[in-house]
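This structure is in structure tokens; I'll ask about it shortly.
Just so it is clear, none of the values below were taken in a lab; they were calculated from the coordinates. Note that the structure is predicted; figures quoted are calculated from it, not measured. Cβ atoms come from the backbone with ideal geometry, glycine included; neighbour counts cover every protein chain shown.
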Amino acid sequence: MSVRLKVSTMGSGKQLVFLHGWGVNSGVWQPLINILKDEFCITTIDLPGYGLNHQQLPIPYNLQNVAKTVAEHIPANCILIGWSLGGLVAQQIANAYPEKLKQLVLICSSPKFSKSADWPGIEPKVLDFFTQQLELNFSKTLERFLAIQAVGSVNARQDAKTIKQAVQPYPPPSSVALAAGLDMLQSIDLREQFKILSIPCQMFLGRLDTLVPDKVVPVVRQLNSKVTIEIITGASHAPFISNTESFAKRLVKALV
């Protein structure tokens, strides 16, 4: 059965669709939207189980079903922009439904998040810790993860506060979506699909990001030499929060 999602669209012009990361919602995009809204048609979609769609859960809740559900709600010929976990969903959509997209933009996201012998990424023990803590203290775990996303930024405390304030007006996420999202970050590996990506792809990485380190650049380029990668100095995991104006300019310049 199809899952219906609430979608927000504003403005006119080139179609941009934004997908947020784990534990948050579309509120995180508001600082960026304030800059871009007069120039583009912007669609934001809360992932199933998050924000305005916190009660909408595909069964089983996995990457394929989340991507299929989101893909049913995006406009044709759009530029799909995914941050962190939202970038995994965006990559899956690009793999399964390339005809829907004009361009893929990944912000602090990659085909694989968990660190392994041949891939720099998040230490598996960090993800294990959050999985364990999620069952013990739902709200505290979310708060800790928000803090990690700002680590490395010059204004880390303020960035974490900005993210928290941006997402607070929305309903809290589903525990099912949160647990499944952590499992995705731990287990999903889209490297083989990334090799044969058929649409233009732009990656933005934060030089100070501890979750998707810039050490992934050479291995990403080995997978797909056509992907354009830009490193943002002074930014951590949420450059559109810590470096909003400069990131907006970089994003606009990179759009095809």
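Considering only residues that are touching a His at 6+ places or on another chain (Cβ under 8 Å) and surrounded by fewer than 17 Cβ atoms within 10 Å (Cβ to Cβ), look in region 128-182 and name the one that is farthest from T44 (Cα to Cα).
Out of the qualifying residues, it is V151.
Hey, another quick one. Quick one: what pairs do we get from region 44-58, first residue under 19 Å from P31 (Cα atoms), second of a type in the set (K, R) and surrounded by fewer than 21 Cβ atoms within 10 Å (Cβ to Cβ), C-beta under 6 Å, 6+ apart or different chains?
L52/K6
OK, next. May I ask you to list pairs of residues, at least six apart or on different chains, whose Cβ atoms are under 6 Å apart, with the first in region 66-84 being over 17 Å from F40 (Cβ atoms) and the second being small (G, A, S) and part of a loop (DSSP other than H, G, I, E, B)?
Close Cβ pairs (under 6 Å, with a partner that is small (G, A, S) and part of a loop (DSSP other than H, G, I, E, B)) amount to S84/G21; S84/S109.
Please verify whether region 28-43 includes one or more residues that are among the basic types (K, R) and within 21 Å of P239 (Cβ to Cβ).
yes
Within the set of pairs 6 or more residues apart or between chains, which connect a residue that is free of Cβ contacts under 8 Å to residues at least 40 places away in the same chain inside region 225-248 to a residue that is in a loop (DSSP other than H, G, I, E, B) and of a type in the set (D, E, K, R) with Cβ atoms less than 6 Å apart?
Hits for this filter: I231/R207; I231/D214; T233/R207.
Identify, please: which residue in region 211-256 is part of a loop (DSSP other than H, G, I, E, B) and of a type in the set (S, T, N, Q) and is, among those, surrounded by the fewest Cβ atoms within 10 Å (Cβ to Cβ)?
The residue in question is S225.
For (1) of a type in the set (S, T, Y); (2) within 29 Å of V216 (Cα to Cα); (3) without any contact (Cβ under 8 Å) to a residue 12 or more places away in the chain, each residue gets a yes or a no:
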position	(1), (2), (3)
F40	no, no, no
A90	no, yes, no
I93	no, yes, no
K115	no, yes, yes
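Could you count how many residues in region 96-127 are assigned to a loop (DSSP other than H, G, I, E, B), in contact with a Gly (Cβ under 7 Å, 6 or more places away or on another chain) and either surrounded by fewer than 17 Cβ atoms within 10 Å (Cβ to Cβ) or not small (G, A, S) (or both)?
Within region 96-127, residues that are assigned to a loop (DSSP other than H, G, I, E, B), in contact with a Gly (Cβ under 7 Å, 6 or more places away or on another chain) and either surrounded by fewer than 17 Cβ atoms within 10 Å (Cβ to Cβ) or not small (G, A, S) (or both) number 3.
Given the structure, is P111 touching a residue at least 12 places away in the same chain (Cβ under 8 Å) and farther than 30 Å from A248 by Cβ?
Spelling it out, it is not the case that P111 is touching a residue at least 12 places away in the same chain (Cβ under 8 Å) and farther than 30 Å from A248 by Cβ.
Which numbered condition in (1) among the hydroxyl-bearing types (S, T, Y); (2) out of contact with any Ser or Thr (no Cβ under 6 Å at 6 or more places or on another chain); (3) within 20 Å of K164 (Cα to Cα) is the only one that S110 fails?
(3)
Restricting attention to region 183-200, does a residue exist that is touching a residue at least 12 places away in the same chain (Cβ under 8 Å), in contact with a helix residue (DSSP H, G or I) (Cβ under 6 Å, 6 or more places away or on another chain) and under 25 Å from G13 (Cα atoms)?
yes
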